[in-house]
Amino acid sequence: MNRVLYQRRLEQHLSGAKTHRTNKDYVQAGEKVWGALSALVNTKSNHELKSQLDKKPLFSGLVNKLRATDSTIRLEMNQLELRDGDEVFLAIYDLHRMFYGGTDYSEAQVLPKIDLFIKVIEKLKSS
């Protein structure tokens with residue numbers, strides 16, 4: 001597995017998520033958040049994880065550890081009614097589905113989540 005490749009992808013997806021969020025293109029921002037999650041998981045794993053089912057346990061565990069130690073992240077997750085890492089993972093996956101037309105959300109529903117997910121992934125990449 002090429003960790004350098006996944007590090008580069010992580011940075012590209014995070015940058016793209018921020019740019020699309022600023023431009024109010026929430027569909028693209030959500031897709032970039034999903035890409036960042038996928039790349040992040042592969043920077044933290046000992047082997048490449050390709051499927052959503054393979055990525056979920058590692059990502060959820062990382063988010064649960066962050067939630068336990070970061071009161072700001074915990075507060076924001078509570079405000080969005082996201083109780084744990086599994087719910088964060090599924091909410092990011094919903095943004096990914098939105099890209100393919102599977103779901104549709106208002107700006108009020110999506111924007112706070114995108115902002116939180118960018119923060120979470122940035123913190124996790126540094127840990």
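Here is how the numbers come out for the structure above:
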quantity: Those helices (runs of 4 or more DSSP H) lying entirely in the range 65-127 with at least 2 residues farther than 21 Å from Ser15 by Cβ and of a type in the set (D, E, K, R); calculated: 71-79, 85-99
quantity: Scope the range 42-75; condition among the β-branched types (Val, Ile, Thr) and either over 11 Å from Ile92 (Cβ atoms) or in contact with a Ser or Thr (Cβ under 8 Å, 6 or more places away or on another chain) (or both); matching residues; calculated: Thr43, Thr69, Thr72, Ile73
quantity: Some residue of the range 45-64 being of a type outside the set (Asp, Glu), in a helix (DSSP H, G or I), touching a residue at least 40 places away in the same chain (Cβ under 8 Å) and surrounded by fewer than 17 Cβ atoms within 10 Å (Cβ to Cβ); calculated: yes
quantity: Complete set of residues in the range 1-44 that are within 18 Å of Lys123 (Cβ to Cβ), of a type in the set (Ser, Thr, Tyr) and either surrounded by fewer than 18 Cβ atoms within 10 Å (Cβ to Cβ) or in contact (Cβ under 8 Å) with a residue 60 or more places away in the chain (or both); calculated: Ser15, Thr43
quantity: Filter result (within 23 Å of Leu58 (Cα to Cα), β-branched (Val, Ile, Thr) and touching a Phe, Trp or Tyr at 6+ places or on another chain (Cβ under 9 Å)) within the range 75-127; calculated: Val88, Ile92, Ile114
quantity: Subset of the range 89-117 that is over 12 Å from Trp34 (Cβ atoms) and β-branched (Val, Ile, Thr) - its residue that is surrounded by the fewest Cβ atoms within 10 Å (Cβ to Cβ); calculated: Thr103
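Every number here is computed from the coordinates shown, using simple stated rules; none is lab data. Predicted, not measured: the structure shown is a model, and the values here were computed from it. No Cβ is skipped: glycine too gets one built from the backbone with ideal geometry, and neighbour counts run over all protein chains shown.
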